[in-house]
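Step one of this worksheet: look at the structure below.
Just so it is clear, none of the values below were taken in a lab; they were calculated from the coordinates. Being a predicted model, the structure only gives us computed values, none of them experimental.
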Amino acid sequence: MLKNNLAIGNSDYDFDADANFSTDSSNNCSSDGSAASAFETDGITGASENDFVLAAGGNYHIKSDATCANEGTNLASDPDLSFSTDIDLQQRDDGSWDIGADEYFP
Ligand SMILES: [Ca+2]
């Protein structure tokens, strides 16, 4: 099951629809449309490296206007894996989770 995953620019496709992901997957985001595939109806398309502060320099913190900002599902009470922080251990408490490892902070 995939929730709140962000995949961009992979060579074949960002998410492999043949990988038998659970249909309970949700709120994933891709650059190529593969997040909006048979395994997920609410996947988001259009993410790009421009969604990050400076991908070329290795800074993958997301921008406030990133394609997947505020498009995630709240996993604080998820029965499979609950958490409420981002990769920087900052709380995801703005009320709208961002998809991916980082939560935008000004
Ligand atoms: Ca947010």
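Which of Ile87, Ile62, Ile44 moves the most in a Gaussian network model of the chain with Cα springs under 10 Å?
Ile87
Choose one answer from Gly33, Gly72, Gly95: the residue with the largest mean-square fluctuation in a GNM of the chain with alpha-carbon springs under 10 Å.
Gly95
Amide H to amide H, which residues 5 or more places from Ser26 or on other chains are under 5 Å from it, using H placed in the peptide plane?
Result for Ser26 returns Leu2, Lys3, Asn4.
Once phi is turned into θ = phi - 60°, what whole-Hz ³J(HN,Hα) does the Karplus curve with 6.51, -1.76 and 1.60 give for every residue of region 8-14, x standing for Gly and Pro?
Karplus-based 3J(HN,Hα) across region 8-14 equals 9, x, 6, 5, 8, 7, 5 Hz.
Give me the percent of Cα-Cα pairs in region 6-62 that sit more than 17 Å apart, rounded to a whole number.
The answer is 38 percent, as a whole percent.
Please list, ordered by chain and number, the residues whose modelled amide H lies under 5 Å from the amide H of Phe105; skip anything fewer than 5 residues away on the same chain.
It is none; the list stays empty.
Of the residues Asp42, Asp16, Asp80, which exhibits the maximal mean-square fluctuation in a Gaussian network model of the chain defined by a 10 Å Cα contact cut-off?
Evaluated over the chain, the most mobile residue of the options is Asp80.
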